[in-house]
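The values are calculated or read from the model by the stated rules, or taken from the named source; none is laboratory data. Keep in mind that this is a model prediction, so the values were computed, not measured. Ligands, DNA and RNA are stripped out before the accessible areas are found, and what is left, the full protein with its side chains, is counted by its heavy atoms. Shrake-Rupley method; radii C 1.70, N 1.55, O 1.52, S 1.80 Å.
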Amino acid sequence: MEYKLNSSSTIPIHVHTKISNSPPPSSSSPNSQSQSQSPTSSAAPSPPPLPPPPVVVSPCAACKILRRRCVEKCVLAPYFPPTDPLKFTIAHRVFGASNIIKFLQELPESQRADAVSSMVYEANARIRDPVYGCAGAICQLQKQVSELQAQLAKAQAELVNMHCQQANLVALICMEMSSSSTQLSSSQEQQQHMMMIQPQNNNNNNNHVDMTCFIDDNNLASAWEPLWT
């Protein structure tokens with residue numbers, strides 16, 4: 001091949017081309033192409049998972065009243081839920097938040113719920129009765145218990161008395177029944193005896209001879225005496 005340059009002279013350039021005798025590569029069949037493309041099409045990337053919705057944790061009633069941040073392991077959160085703020089308000093009014101936290105930290109977790117209930121009860125009693133507090137409520141309850149015990153003893157005594165009266169009444173009824181049965185048996189025996197005696201009397205009456213028709217000898221002499229005179 002010859003290339004012309006700007007000048008009129010020409011420079012021969014020889015280009016060696018290598019001709020291979022191997023057959024040209026055969027084009028891939030459409031089936032193989034579809035097979036090679038199917039894994040990529042089947043393994044399509046899945047969309048990324050959606051992030052979980054944010055959980056809004058409301059602070060406990062204690063932290064809300066104290067206006068502080070409620071941490072994850074708040075000591076007061078399990079016992080003062082946000083739905084019952086009055087519970088912490090009453091306890092805080094009498095004991096104070098620092099004392100409540102100190103009490104709960106000194107106790108095991110199994111006893112903290114009972115301790116909170118006791119503190120709330122005592123605070124309520126102290127607010128109702130500032131002088132005696134829960135001691136006044138305890139004395140009143142003890143008085144009620146003693147009154148109920150006296151009423152119970154009285155009722156038990158009345159019950160015993162009623163049992164005795166019932167026993168006496170049953171004994172009296174049994175005695176009357178026995179006496180009536182004996183009287184009935186004696187009356188029956190008398191009737192039977194009378195029934196046995198009546199036939200004998202009838203027989204005696206039948207055998208009896210009327211002797212009035214016969215006159216005694218003395219009576220006969222006295223009867224005829226006037227005639228002789």
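What do you reckon, how do Tyr79, Tyr132, Tyr121 stack up by accessible area (1.4 Å probe), largest on top? Mind showing how you got there, number by number?
Working: Tyr79 35, Tyr132 145, Tyr121 115 Å².
Most to least solvent-accessible, the answer reads Tyr132, Tyr121, Tyr79.
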Quiz item: What length, rounded to one decimal in nm, is gained on full extension from Ile101 through to Ser186, with 0.36 nm per residue of separation minus their alpha-carbon distance?
Solution: 21.2 nm
Quiz prompt | Accessible surface of region 74-167 [probe 1.4 Å, protein heavy atoms]: carbon and sulfur percent | solution = 58 percent
Practice problem: Quote the accessible area belonging to Ile100 in square angstrom, nearest 10, computed with a 1.4 Å probe and with ligands, DNA and RNA left uncounted. | Solution: 0 Å²
Quiz item: How do Ile127, Ile101 stack up against each other in accessible area, from largest to smallest, with a 1.4 angstrom probe?
Solution: Ile127, Ile101
Practice problem: Would you check the accessible area of Ser98, probe 1.4 Å, heavy atoms only, in square angstrom rounded to 10? | Solution: 90 Å²
Practice problem: Quick one: accessible surface of Met162, probe radius 1.4 Å, all protein chains present, in square angstrom to the nearest 10. | Solution: 120 Å²
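How would Cys63, Cys70 rank on accessible area, largest to smallest, probe 1.4 Å?
Values: Cys63 0, Cys70 40 Å².
Most to least solvent-accessible, the answer reads Cys70, Cys63.
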